[in-house]
Amino acid sequence: MDDRLGNIEAYFRKIHALDTAYGLFEWDISTIAPRAGVPVRAGLFAILAEESFAMGISPEMESNLKYLEENIDSLDSRHKAMARVARREFDAKRKIPPKLAGEFAELSSKAKAVWEKAKEENDYLSFAPVLKEIVEYQKRFVDLRGWEGHPYNTLLDDYDEGMNVDKLDSFFAQVQETVVPLVKAVASSSRQIDERLLFMQVDLQTQKKLSAFLMDKLGFDSSRGLISESAHPFTINFSANDVRITTNYNVQKPFTSVFAVMHETGHALYEQNVDPSLAGTFLENGANMSLHESQSRFYENLIGRSLSFWVHARDSIVEILGPDFEMFSALDFYESVNIAKPSLIRIYADELTYPLHIMARYEIEKEMIGDSADFGSLPDLWAEKYMKYLGIKPETDTEGILQDIHWSGGSFGYFPSYALGSAYAAQLKAAMSKELDFDRLVMQGNIAEITAWLKKNIHSYGKLLTPDELVMNACGEALNAKHYTDYLSEKFSAIYQ
């Protein structure tokens, strides 16, 4: 058995190596690669993706899975989890021809460059044909794999196992019931918060220095990771010892990068804290997208936008930003970074209105995958959703439908994870607070003790446990949106009196 398990793990590592090479190209294209080199890299993308895909559904993989499952009672927890995760991947891919997967990888690689150019030039119509082609591929994949209830369910399940439109419709209805009235109450409040500090110019080098401070404060291990710049902030990892994040700096709005960095650092800490014994296996990444987003939202919002954090970090941050910021107290910073009002750009949205941005995207994705979308008029549908939920609409494609990179890569079903992640974050804080004095620890700058709790209960497991098992073990209950809605109600009712 030991010899056979060794051979199986070696096979899995080969797939992991191909996927790592693919990821390195992806990182390169998104950060430093010249645009002229994109077509060549797109071809390499296709080769790597097709080979990895073929290995993932090959007769040898099927034989490996059969052996693991026939001997499941004799396996340790690590190999049992590898069998579970590999089976899920196998079943998701086996009905899709490797050539088709390679074609899509090449298309999505080129599409990212098309999207970036379209965004810069405010030209949705130049991206629309590529977007439609990407959606057509996704629908072909769904038809090949099969679906129940709604074709979108298959894609939702890829990111969050067991998720479907019925559950999400219920979740968003619950969130909407709290958030929409609260947004209206905030808008009608006579309390006006000074937002000057949010728009004070900060040069690029100072912002980079501040990013380094924040990453260190939150516990990012710079010997095992790095930060770069990209059109859209993201995190990618090649192992727990090589985790990379990006941000996007804006001299006119310096705090956009502050919270992008804290958000991506949350993702990175999850990956850096996975147990080393899971390295090089299917288990070394986060359990699912919602739990991954729970960590980025936890560090960005529950820590970074808390009064306790600004009481602790205000002096150090002012020292970096310079004398122009000395007039602002910790309370000024806290209230300013928590100003709640409708805005157009998701990644810059305040914590209260953020889930409404996700709800709009969720509903549009349902239409695209469900065959009811007109791709030529999607900007109009986008504007309609924003007017309905936020009371505003974009004047340009760049600040509207072109603002996110996700659809250019075929990531349909991903967006709901952001809202679910916020709900999980609030629930994890509620559970943690039964054991730790959260606000006192943050005020002391003792983020390490908070991270240690998260590492013990979430990070270290990687995919060793299912998402439901992790949440139940950590919180003593399944997903409960009430923790999230209570958190938002208490926080913003207090800020806006």
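The values are calculated or read from the model by the stated rules, or taken from the named source; none is laboratory data. All values derive from a computational prediction rather than experimental measurement. Please note: Cβ atoms are built from the backbone with ideal geometry, for glycine as well, and neighbour counts cover all protein chains shown. Note: areas computed on protein heavy atoms with side chains; ligands, DNA, RNA excluded. Shrake-Rupley method; radii C 1.70, N 1.55, O 1.52, S 1.80 Å.
Identify, from the list T206, T235, the residue that is closer than 20 Å to D28 by Cα and either in contact (Cβ under 8 Å) with a residue 60 or more places away in the chain or among the hydroxyl-bearing types (S, T, Y) (or both).
Of the residues listed, the single one that is closer than 20 Å to D28 by Cα and either in contact (Cβ under 8 Å) with a residue 60 or more places away in the chain or among the hydroxyl-bearing types (S, T, Y) (or both) is T235.
Return the residue satisfying two criteria in turn: it lies in segment 26-50 and is part of a helix (DSSP H, G or I) and free of Cβ contacts under 8 Å to residues at least 40 places away in the same chain, and of such residues it is surrounded by the fewest Cβ atoms within 10 Å (Cβ to Cβ).
Applying the first criterion (part of a helix (DSSP H, G or I)) to segment 26-50 yields 26-31, 35-50.
Next, only the ones that are free of Cβ contacts under 8 Å to residues at least 40 places away in the same chain stay: 28, 36-37, 40, 44.
Details: D28: 12, A36: 7, G37: 11, V40: 10, L44: 15.
The selected residue is A36.
Take the conditions touching a residue at least 12 places away in the same chain (Cβ under 8 Å), at negative phi and of a type in the set (D, E, K, R) and apply them to E449. Does it pass?
Yes; evaluated as a whole, the condition is true for this residue.
Kindly indicate which of S377, S372 is part of a loop (DSSP other than H, G, I, E, B), under 27 Å from Y152 (Cβ atoms) and either out of contact with any helix residue (DSSP H, G or I) (no Cβ under 7 Å at 6 or more places or on another chain) or without any contact (Cβ under 8 Å) to a residue 12 or more places away in the chain (or both).
Selected residue: S372, the only one of S377, S372 that is part of a loop (DSSP other than H, G, I, E, B), under 27 Å from Y152 (Cβ atoms) and either out of contact with any helix residue (DSSP H, G or I) (no Cβ under 7 Å at 6 or more places or on another chain) or without any contact (Cβ under 8 Å) to a residue 12 or more places away in the chain (or both).
Of (1) within 30 Å of H150 (Cβ to Cβ); (2) touching a strand residue (DSSP E or B) at 6+ places or on another chain (Cβ under 9 Å); (3) of a type in the set (G, A, S); (4) surrounded by fewer than 19 Cβ atoms within 10 Å (Cβ to Cβ), A279 satisfies all except one. Which?
Unmet for A279, out of (1) within 30 Å of H150 (Cβ to Cβ); (2) touching a strand residue (DSSP E or B) at 6+ places or on another chain (Cβ under 9 Å); (3) of a type in the set (G, A, S); (4) surrounded by fewer than 19 Cβ atoms within 10 Å (Cβ to Cβ): (1).
Among the numbered conditions (1) under 16 Å from the mean Cα position of the chain (by Cα); (2) open to solvent by less than 20 Å² (accessible area, probe 1.4 Å), tell me where F234 comes up short.
Failing condition for F234: (2).
Sort through L352, L428, L390 and tell me the only one that's in contact with a Leu (Cβ under 8 Å, 6 or more places away or on another chain), closer than 23 Å to S189 by Cα and at pLDDT 95 or above.
Working: L428 fails: closer than 23 Å to S189 by Cα; L390 fails: at pLDDT 95 or above.
On inspection, the qualifying residue turns out to be L352.
Consider V261 carefully, then state whether it is crowded, with 22+ Cβ neighbours inside 10 Å and assigned to a strand (DSSP E or B).
Spelling it out, it is not the case that V261 is crowded, with 22+ Cβ neighbours inside 10 Å and assigned to a strand (DSSP E or B).
With the requirement that a residue be in a loop (DSSP other than H, G, I, E, B) and surrounded by fewer than 18 Cβ atoms within 10 Å (Cβ to Cβ), what does segment 411-460 give you?
S433, K434, E435, L436, D437, Q444, G445, N446
State whether one or more residues within segment 66-81 are buried (at least 18 other Cβ atoms within 10 Å of the Cβ) and either of a type in the set (S, T, N, Q) or under 22 Å from F412 (Cβ atoms) (or both).
First, pick out the residues of segment 66-81 that are buried (at least 18 other Cβ atoms within 10 Å of the Cβ): 68, 79, 81.
From what is left, the residues that are either of a type in the set (S, T, N, Q) or under 22 Å from F412 (Cβ atoms) (or both) are none.
No, because not a single residue in segment 66-81 is buried (at least 18 other Cβ atoms within 10 Å of the Cβ) and either of a type in the set (S, T, N, Q) or under 22 Å from F412 (Cβ atoms) (or both).
Pairs only if they're at least six apart or on different chains, beta carbon under 6 angstrom, first in segment 305-323 and over 15 Å from S336 (Cα atoms), second among the hydrophobic types (A, V, I, L, M, F, W, C) and open to solvent by less than 30 Å² (accessible area, probe 1.4 Å); list them, first residue then second.
I320/L210
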